[in-house]
Amino acid sequence: MSILVVAEHNNNSLNPATLNTVAAAQAIGSDVHVLVAGLNCGGVAEAAAAVAGVSKVLVADSAAYEHQLAENISLLVAELGKGYSHVLASATTTGKNFMPRVAALLDVDQISDIIKVESEDTFVRPFYAGNAIATVQSSAAVKVITVRATGFDAAEATGGNAAVEQLSIVHDAEVSSFVGEELAKSDRPELTAADIIVSGGRGMGNGENFEILYSLADKLGAAVGASRAAVDAGFVPNDMQVGQTGKVVAPQLYIAAGISGAIQHLAGMKDSKVIVAINKDEDAPIFQVADYGLVADLFDAVPELAEKL
Amino acid sequence: MKILVAVKRVIDYNVKARVKADNSDVDLTNVKMAINPFCEIAVEEAVRLKEKGVASEIVAVSIGPKACQEQIRTALALGADRGIQIETEASPNSLSVAKLLKAVVDEEKPDLVLLGKQSIDSDNNQTGQMLAALAGYPQGTFASEVNVEDGSAKVTREIDGGLQTVELKLPAIVTTDLRLNEPRYASLPNIMKAKRKPLAVKTPAELGVEISSTLTTVKVEPPAERQGGIKVGSVEELVEKLKNEAKVI
């Protein structure tokens with residue numbers, strides 16, 4: 001029984017979510033291989049080989065894989081996947097994009113967004129926006145699974161010494177092409193990888209007011225998130241959205257400022273270790289999940305908090 | 001150009017799902033049902049493409065028991081031209097749905113298939129991609145912008161960290177994200193008109209698809225309740241608690 005983990009990366013560095021997915025693979029079995037498909041991605045392969053517990057790294061280096069186009073990657077992963085008991089990828093927008101294609105090509109069901117491994121064929125996953133948790137058993141010959149990073153502690157990035165094997169398989173479906181990409185540039189940590197997150201909601205009033213959250217975040221080395229209400233109101237871009245339809249996070253500390261606590265937002269952050277809520281409405285539902293609630297005007301409390309830290 | 005749009009009947013997004021006492025599933029007895037919000041966005045996008053003159057016909061398809069005809073009628077009231085219901089007992093798994101949709105694609109030969117990126121009940125986010133793989137079509141998932149011209153579709157996708165644009169050769173599959181559009185409300189005259197639009201009923205057997213699954217649900221449980229904590233009186237007290245009690249800063 002060998003398990004294939006498809007690494008997520010940008011051809012330069014390994015995405016930290018892959019470490020959580022490796023950890024999920026290790027909870028299933030011990031022989032864990034990592035596939036790095038990309039262009040000029042040798043550095044990523046080296047990083048994957050250094051991850052503790054990885055026994056082999058497969059590298060597919062081709063222009064067809066440069067942008068992780070699902071049409072091409074899925075053909076590669078399905079071909080390799082036939083030789084494995086499980087194929088895992090992170091439940092990021094990249095993993096969610098190509099993995100169902102892999103499952104369909106292998107004619108098996110996919111198990112999405114697992115948060116726990118019960119045994120080699122039984123997994124736990126949330127559905128109904130996190131309002132119900134299902135335990136599902138799979139009889140598929142190859143179990144195709146996406147892993148929610150917050151469910152698993154990351155594998156150690158160092159200590160491993162896996163063999164690296166170059167593959168010469170090139171799949172180019174020639175039906176899609178990459179046009180361009182606009183990525184938000186930030187020195188702050190990625191939301192899904194941050195230990196501390198400061199988030200703002202509709203109560204922020206406008207985009208400029210998020211500056212006070214950025215100041216607080218920079219004091220704490222935190223990432224900045226937002227509720228769907230703040231994103232829909234156009235205060236901040238949508239990649240900052242924490243919630244069922246945005247990013248699911250579970251940092252050590254989550255500070256919610258001016259967020260009422262709609263179900264959709266709670267589904268994205270309720271697994272945080274410590275939750276702080278700052279809201280002037282003392283009846284806001286966010287206080288029902290907060291470890292520490294402060295009923296105050298965020299425009300006073302947030303700068304004061306930044307100052308006192 | 002013909003567009004096929006898939007719609008799913010799900011629990012209304014305003015209703016909080018509750019787990020059955022025997023932990024077998026979520027309890028949907030007497031629960032308000034509606035068209036899946038992402039599917040509604042897919043219908044709206046199809047209608048806008050028709051209004052722009054890009055599309056000439058919109059076919060709405062739903063898979064499930066007879067009750068899902070209600071959601072097909074919703075799509076027809078929003079502007080779809082005709083409907084297809086594929087009669088199944090409960091809601092089948094994503095792969096079976098993808099196979100049924102593939103059979104419809106083979107019959108209807110649409111240039112573009114629009115689906116929601118995920119349904120808010122199973123939260124799988126699989127069907128569109130699976131259909132694309134089975135049909136051998138390119139896909140633009142999590143779309144926030146779709147432009148169709150000269151036999152191809154330019155799709156802007158919402159990805160972690162920003163936006164990505166891909167170009168797809170038609171026929172193609174597009175799955176919708178929240179910000180693609182804001183669906184209109186169906187007007188009363190259009191709701192009345194929708195009742196007279198054609199709606200065909202087919203069975204999986206007629207489409208040559210056998211519904212099967214490699215997954216069984218062992219149990220369904222409510223999530224662990226998070227206990228509310230305490231209220232602090234000042235920023236000072238908050239900082240003190242975070243440093244000395246929670247030890248997170």
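Derivation of every value follows stated rules applied to the coordinates shown; laboratory data play no part. In this text the structure is predicted, and so the values were computed from the model without any measurement. Using ideal geometry, Cβ is built from the backbone for each residue, glycine included, and neighbour counts are taken over all protein chains shown.
Is there a quick way to get the dipole size of the stretch A:1-122? I mean about its Cα centre, with the Cβ of Lys and Arg at +1 and of Asp and Glu at -1; what is the value in debye to the nearest 20?
On the way: 5 positive and 13 negative charges, 28 e Å.
The calculation lands at about 140 debye.
How large is the charge dipole for the stretch A:127-257, taken about the Cα centre, if only the Cβ atoms of Lys, Arg (+1) and Asp, Glu (-1) carry charge, to the nearest 20 debye?
On the way: 8 positive and 15 negative charges, 114 e Å.
Here the size comes out at about 540 debye.
Under a GNM of chain B (C-alpha, springs under 10 Å), which listed residue has the highest mean-square fluctuation: B:Val54, B:Val201, B:Val232?
B:Val232
Anything over 22 Å Cα to Cα? Flag those among B:Lys2/B:Lys154; B:Lys2/B:Lys169; A:Lys185/A:Lys270; B:Lys2/B:Lys66, in the order listed.
Details: B:Lys2/B:Lys154 17 Å; B:Lys2/B:Lys169 15 Å; A:Lys185/A:Lys270 27 Å; B:Lys2/B:Lys66 25 Å.
A:Lys185/A:Lys270; B:Lys2/B:Lys66, as the Cα separations exceed 22 Å there.
Please report the antiparallel percentage of the DSSP beta bridges confined to the protein assembly as shown, to the nearest 5. Could you put the intermediate results ahead of the total?
Values: 41 of 120 bridges.
About 35 percent, rounded to the nearest 5.
Which of these, A:Ile275, A:Ile286, A:Ile263, has the largest mean-square fluctuation under a Gaussian network model of chain A (Cα springs below 10 Å)?
Its mean-square fluctuation being the largest, the pick is A:Ile263.
Highest GNM mean-square fluctuation, chain B, Cα pairs closer than 10 Å: which of B:Ser122, B:Ser144, B:Ser96?
Residue with maximal mean-square fluctuation among B:Ser122, B:Ser144, B:Ser96: B:Ser122.
Do me a favour and compute the ellipsoid semi-axes for the stretch B:2-244 from its Cα gyration tensor, root of five times each eigenvalue, largest one first, whole Å.
On the way: eigenvalues 237, 114, 72 Å².
Each semi-axis is the square root of five times an eigenvalue, giving 34, 24, 19 Å.
Among the DSSP beta bridges whose two residues both lie in the stretch B:1-71, what percent are antiparallel, rounded to the nearest 5?
Rounded to the nearest five, the antiparallel share is 40 percent.
DSSP beta bridges in the stretch B:134-193, what fraction antiparallel, as a percent rounded to 5?
Working: 14 of 17 bridges.
Around 80 percent of the beta bridges assigned by DSSP in the stretch B:134-193 are antiparallel ones.
Which residues make up the longest stretch of chain B clear of GluC sites (Glu not before Pro) that lie in a DSSP loop with no more than 16 other Cβ atoms within 10 Å, not counting the sites? Display every interim value, and only then the final one.
Working: sites that count: B:Glu89, B:Glu206, B:Glu210, B:Glu225.
By the stated rule (loop sites, at most 16 other Cβ atoms within 10 Å), B:90-205.
Which of the three applies to the protein assembly as shown, rounded, prolate or oblate, going by the alpha-carbon gyration tensor with a ≥ b ≥ c and a/c under 1.5 meaning rounded?
Details: a/c = 1.59, a/b = 1.20, b/c = 1.33.
Cα axes put the protein assembly as shown in the oblate bin.
Could you give me the ³J(HN,Hα) list for the stretch A:195-206, computed from phi with Karplus coefficients 6.51, -1.76, 1.60 and θ = phi - 60°, whole Hz, x at Gly and Pro?
In residue order, the calculated couplings are 7, 10, 10, 10, 10, x, x, 4, x, 5, x, 7 Hz.
At 222 nm, what helix-only mean residue ellipticity would the protein assembly as shown give, in deg cm²/dmol to the nearest 500, using -39500 (n - 2.57) for each DSSP H run of four or more? Mind dumping the intermediate values first?
On the way: 14 runs with 140 residues, N = 558.
So the helix-based figure for the protein assembly as shown works out to -7500 deg cm²/dmol.
Pick out, in residue order, every one of the GluC sites (Glu not before Pro) in the stretch A:257-309 that is DSSP loop and has at most 13 other C-beta atoms within 10 Å; say none if there are none.
Values: sites: A:Glu282, A:Glu304, A:Glu307; in loops: A:Glu282.
Counting only loop positions with at most 13 other Cβ atoms within 10 Å, the GluC sites (Glu not before Pro) in the stretch A:257-309 are A:Glu282.
With unit charges on the beta carbon (Lys/Arg positive, Asp/Glu negative), name the residue among B:Asn14, B:Thr216, B:Asn244 whose Cα is farthest towards the positive pole of the charge dipole of the stretch B:2-244.
Among B:Asn14, B:Thr216, B:Asn244, the one farthest towards the positive end of the dipole of the stretch B:2-244 is B:Asn14.
Work out the length of the dipole vector of the stretch B:2-244 about its Cα centre, built from +1 on the beta-carbon of each Lys and Arg and -1 on the beta-carbon of each Asp and Glu, and round it to the nearest 20 debye. Present the calculation step by step, with values, prior to reporting the outcome.
Working: 32 positive and 34 negative charges, 120 e Å.
So the dipole magnitude of the stretch B:2-244 works out to roughly 580 debye.
So what is the relative contact order for the stretch B:2-244, in percent, with contacts set as C-alpha pairs under 8 Å and at least six apart? Intermediate results must be reported in sequence, preceding the final value.
Values: 491 pairs, mean separation 56.6, N = 243.
Relative contact order, the stretch B:2-244: 23 percent.
D for the stretch A:103-257, whole µm²/s, Stokes-Einstein with Kirkwood Rh over alpha-carbon pairs at 37 °C and 0.692 mPa s: what number? Can you show the working numbers first?
On the way: Rh = 18.9 Å.
For the chosen part, D equals 174 µm²/s.
Mean Kyte-Doolittle of at least 1.0 and a Cα length of 18 Å or more along the axis: which whole DSSP H helices of chain B meet both? List each step's numbers first, then the result.
Numbers: long enough: B:37-51 (21 Å, 0.11); B:94-108 (20 Å, 0.51).
Helices passing the filter in chain B: none found.
Report Rg/Rh for chain A, rounded to two decimals, where Rg is the Cα radius of gyration and Rh the Kirkwood radius.
On the way: Rg = 20.5 Å, Rh = 20.4 Å.
So for chain A, dividing Rg by the Kirkwood Rh gives 1.01.
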